[in-house]
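Presented below is the structure to which this report refers.
The values are calculated or read from the model by the stated rules, or taken from the named source; none is laboratory data. Only a predicted model underlies this, so the values are computations on that prediction, with no experimental measurement involved. Backbone-built Cβ (ideal geometry, glycine too); neighbour counts: all protein chains shown.
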Amino acid sequence: MKKEKRPFWVFPWGYRESFAVVITVAISGFALSFILQKEVSAPTWPNNIITGVILVAAILLFHIFFPKHSFVKWLSGSYAAISSISFYLFLIILMGFIPQNSNNSLEILNGSGLSHITSSHIFLFAQIYMFLVLGLVTLRRLERFSTRNIFFFLNHFGLWLTLFAAGMGSSDIKRFTMEINKNEPSFQGINSKGESSGDLGLALQLEEFSIEHYSPKAFIINAKTGDIMSENQIFSLEKNAKGNLGEWQIAVKDFIEYGIGMGEKFHAVYDIGAAPAAYVEAKHSSGNIVEGWISCGSFRFPGNFLELSEEKLLIMAEPEAKSYLSKIKIYTKEGEVYLADLSVGRPVSINGWKIYQISYDESKGKWSEISIVELVKDPWLWLVYAGLIMLIAGAVYLIITGSRTKNSEL
Amino acid sequence: MKPDDFTIFANISLISWGLSGIIMSILFFREVFADKKHKFWVIVAHFLAISGLISIIIFVVELWLLLDRPPMRTLGETRLWYSIFLVLVSYLVYLKWKYKALFVSGIMFGVLFLLINMLHPEALNKNLPPALQSAWFIPHVVVYMIAYALLGMSWLVAIFGLLPYFRKQWKGRETVIADNLVYIGFGFLTLGLVFGALWAKEAWGNYWTWDPKETWAMITWFAYMLYIHYRFRHNKNKITALLILFFAFILLIICWLGMQYLSVGANSVHTY
Ligand code: HEM
């Protein structure tokens, strides 16, 4: 018996209709971008919460009043889901190939929004479509209670909530960079556009900045071009270190952690601008030996290199930071004073702000007199995290149960 | 111990796995063509696979001690983990489904990845930038490598499904294995993505910035999500499912290894 072919656009909708919807939406999105020539920005407070309420209300109304309507059934079903996932996947693949937010793109990419996809109409539509499908399928599956549906809920509602909170909240995120020093408290930061933050309700002062470095590394460079010639080889300069770089056997005879060069020699001096220095002996495979001091120098004192041959120099690279820490004093509007240790990856929370260690005066390294911190306030973060935690639980379930496809189903 | 001393353990693994794969493939062809069973040699293959795993674990521990940091930073270091998990997964898949061809190809890819590492040894750089010194570093990398191994196996399954399909003698056994590998692999992929977001928030104050690497991680995630949903209701058309699976892994490889060749990759903060 041959199945009769269902006419286009007659319910129940399948792939054809789902993809027709997606293509229509995509074309309208492109057209809108062309006509308006404007980027879409996430709605700002209170418009974001209004948009959110409207979206949630739409999902709830569809679900409560028309649960049996073929359109709602379609919108909460796998055909719509597959078209929605494909649509989104298509857009992010474009993002993966077309450099985003760069100015030298082709005109056509700018006009259609393809050079800034996340702030284009088409992306907005793709996201709304996914919101609706995910929201409706979550509600539909909630009606039958089973362990499997709990995890269905965790995966789908978790993703829905994450997208929702991240989308709604993106315009409410406040982010300011602040340079702090020891002399006086700083009250204001600047945002990415260079605008001042105004009063933050906080003031920060640097008590002490400290940094720990890895041992500096030695490289052989081309004297003319400066290119590194001992690539893929690592030689750490520390006391008594021995090893090979290219055709040279290197031995460290003396190592000073903080030194200053005077004439040909480096002396251990602990003063602002002092830099590591090493007395090295380099022995060529031909037996030729050169020795002398090398140092990376600093903003205040010159460094030194060793001439291995006419075209080869042995240099010390500036040591890389292992960790850095700012002891800071935080003054609140209420008159409280807190002391805190700030380091990378260990932000400090206070009055709704999270303070991050971002950088320091890198030209001065250890002798930096400032610390650069970032203050971030994201009132929606807890909702994003709630979504992410659900996703974790859902993922653990997938890992434990695997698929339910069995041989018998084939 | 010097690095040269303990590379012996990687060599042992390389040889054990290689032999195990060869024995298994010979058994496979004998079974296909002569319908003979060889219990003894199966046991030898098991033994070699396991001793290779033990030996490579010793190697990783030694490397970890020598570097004084988790050996998970460079591309070569991720390849090392990948080869371990790939062999582990193909072994487990073999134990569960007795699919010899998968075991052989999985273990051979593990050998290949390890071999690339042995032929192009990386400089032993002990440095770990402050942002990587985080409790999230290890779980983030490990779950991703497990996910990549599972999904890599699912790619092999897709190929083994597609080949007989085009020769019109396919029985469809592969989809069962593929579904299980993808569900579990997708779970790990989700964990990797979420851990990455949580880590980024702690280290840089942003959980998501659409950095090219993040974009590609999202692409990979959605590609496998597509497979799961395509399979859910449309059990009949398995060939499209296998094709999705085949291309999803290509996207995964671009995300993992191909970034440096893309023009967008140059702007990524994720290096290696
Ligand atoms: C975290 C990501 C996701 C995971 C882990 C996931 C997982 C799953 C699984 C395992 C199923 C099969 C359900 C079952 O066996 O009972 C399923 C079904 C489904 N999913 Fe997803 N999914 C995800 C994202 C999405 C997205 C983004 C959409 C929508 C755009 C979606 C819409 C659907 C729909 C409509 C079904 C069919 C449900 C039904 O008809 O009962 N899912 N999903």
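Within the range A:239-281, how many residues turn out to be within 14 Å of chain B (Cβ to nearest Cβ) and either of a type in the set (K, R) or surrounded by fewer than 14 Cβ atoms within 10 Å (Cβ to Cβ) (or both)?
2
Residue check: is A:S363 more than 16 Å from the ligand (Cβ to nearest atom), at pLDDT below 90 and not in a strand (DSSP E or B)?
Considered against the rule, which asks whether it is more than 16 Å from the ligand (Cβ to nearest atom), at pLDDT below 90 and not in a strand (DSSP E or B), A:S363 comes out as yes.
Would you mind stating whether B:G192 is more than 7 Å from chain A (Cβ to nearest Cβ) and either at positive phi or in a helix (DSSP H, G or I) (or both)?
yes
Go through B:S25, B:S55 for me and flag whichever is surrounded by 19 or more Cβ atoms within 10 Å (Cβ to Cβ) and of a type outside the set (V, I, T).
Answer to the check: B:S55.
Taking the range A:178-228, which residues are more than 14 Å from chain B (Cβ to nearest Cβ), under 30 Å from B:R69 (Cα atoms), in contact (Cβ under 8 Å) with a residue 60 or more places away in the chain and over 29 Å from the mean Cα position of the chain (by Cα)?
A:I221
Go over the candidates A:L159, A:L163, A:L154 one by one and state the one that is within 14 Å of chain B (Cβ to nearest Cβ), touching a Gly at 6+ places or on another chain (Cβ under 6 Å) and among the hydrophobic types (A, V, I, L, M, F, W, C).
Checking each option against the conditions leaves just A:L154.
Among (1) in the same structural domain as A:T225 (by TED's automatic domain parsing); (2) crowded, with 20+ Cβ neighbours inside 10 Å, there is one condition A:I330 misses while meeting the rest; what is its number?
Against the list (1) in the same structural domain as A:T225 (by TED's automatic domain parsing); (2) crowded, with 20+ Cβ neighbours inside 10 Å, A:I330 comes up short only on (1).
Taking the options B:Y183, B:Y227, name whichever one is under 29 Å from B:L92 (Cβ atoms), more than 7 Å from every other protein chain (Cβ to nearest Cβ) and crowded, with 21+ Cβ neighbours inside 10 Å.
When all the criteria are applied, what remains is B:Y227.
For the range B:207-218, which residues satisfy the criterion of being within 8 Å of another protein chain (Cβ to nearest Cβ) and more than 14 Å from the ligand (Cβ to nearest atom)?
Listed by number, the residues that qualify are B:Y207, B:W208, B:W210, B:P212, B:T215, B:W216.
Just need a number here: residues in the range B:37-50 that are at pLDDT 95 or above and surrounded by 17 or more Cβ atoms within 10 Å (Cβ to Cβ).
2
Please return the ranges of helices (runs of 4 or more DSSP H) entirely within the range A:1-90 where 3 or more residues are exposed (fewer than 12 other Cβ atoms within 10 Å of the Cβ).
Values: elements: A:15-36, A:47-65, A:70-75.
It comes to A:15-36, A:47-65.
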